[in-house]
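Reviewing the structure listed below.
The values are calculated or read from the model by the stated rules, or taken from the named source; none is laboratory data. Computed from a predicted model, the values in this text were never measured in an experiment. Positions of Cβ are generated from backbone atoms using ideal geometry, with glycine treated the same way; all protein chains shown enter the neighbour counts.
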């Protein structure tokens, strides 16, 4: 795969799954171009025949109607692995072929999504050995809002801005902590290592969930 193809693929995967700023969109023609490029790469690297005209028309129709298209489980898994392989700033990408891809695109309710996140942490760390793993939720699709997890990391500590301007806890999590407090989450007294809940946005709106006690 040449450099241009790597750039196209990485850009495509970010756009198709709205990675980055919430609500990020791409022009329809650009999405079509990047989807074609992705299909060429996927099929060439997996010894599959070129995409048929009928299959492309189906994908094109879905792109026009919804702004994205629903990849097969095989496409999703390989796309996630290649996206990691092409992440030049990640020192762990040498293990891209061992990436475990969990397809959770069918989940819609915040409770289901949080349960999937608990399972993600259990499966990826529960044996005492870190397992490279990604859990993928539904992208923006037609009038369906994408699943958005507001936390920078699943496990993180709160950051509190004091009246004198100093920060108690993690400075990077001050904005998220303030949002969560407005939504009703609190710790009294506040400490430097208060575990943040997970803030999940779905079509239902925003909901936060506290992590269960270890072993529960």
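Here are some notes:
Yes/no matrix, rows are residues, columns are (1) at pLDDT below 95; (2) touching a strand residue (DSSP E or B) at 6+ places or on another chain (Cβ under 7 Å); (3) over 27 Å from residue 106 (Cβ atoms); (4) in a strand (DSSP E or B):
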site: 160; (1), (2), (3), (4): no, yes, yes, yes
site: 173; (1), (2), (3), (4): no, yes, yes, no
site: 177; (1), (2), (3), (4): no, yes, yes, no
site: 188; (1), (2), (3), (4): yes, no, yes, no
site: 191; (1), (2), (3), (4): no, no, yes, no
site: 199; (1), (2), (3), (4): no, yes, no, yes
site: 206; (1), (2), (3), (4): yes, yes, no, yes
site: 211; (1), (2), (3), (4): no, yes, no, no
site: 215; (1), (2), (3), (4): yes, no, yes, no
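- Residues of segment 58-101 that are touching a strand residue (DSSP E or B) at 6+ places or on another chain (Cβ under 7 Å), modelled with pLDDT under 90 and assigned to a loop (DSSP other than H, G, I, E, B): 68 alone.
- For segment 130-171, a residue qualifies if it is surrounded by fewer than 15 Cβ atoms within 10 Å (Cβ to Cβ) and out of contact with any helix residue (DSSP H, G or I) (no Cβ under 8 Å at 6 or more places or on another chain), and the qualifying residues are 143, 144, 153, 162, 163, 164, 165, 166, 171.
- Enumeration of residues in segment 102-118 that are part of a loop (DSSP other than H, G, I, E, B) and within 25 Å of residue 37 (Cβ to Cβ): 105
- Looking across segment 55-78, the residues that are buried (at least 16 other Cβ atoms within 10 Å of the Cβ) and over 17 Å from the mean Cα position of the chain (by Cα) come down to 59, 60, 62, 63, 67.
- Yes/no for residue 38 being surrounded by 13 or more Cβ atoms within 10 Å (Cβ to Cβ), in contact with a strand residue (DSSP E or B) (Cβ under 9 Å, 6 or more places away or on another chain), part of a helix (DSSP H, G or I) and in contact (Cβ under 8 Å) with a residue 12 or more places away in the chain: no
- Being in contact (Cβ under 8 Å) with a residue 24 or more places away in the chain and in contact with a helix residue (DSSP H, G or I) (Cβ under 7 Å, 6 or more places away or on another chain) is a property that holds for residue 99.
- Of all the residues in segment 160-216, those that are more than 24 Å from residue 117 (Cα to Cα) and either without any contact (Cβ under 8 Å) to a residue 12 or more places away in the chain or under 20 Å from the mean Cα position of the chain (by Cα) (or both) number 8.
- The residues in segment 119-157 that are within 28 Å of residue 191 (Cα to Cα), outside any loop (DSSP other than H, G, I, E, B), out of contact with any strand residue (DSSP E or B) (no Cβ under 9 Å at 6 or more places or on another chain) and touching a residue at least 12 places away in the same chain (Cβ under 8 Å) can be counted, and the count is 1.
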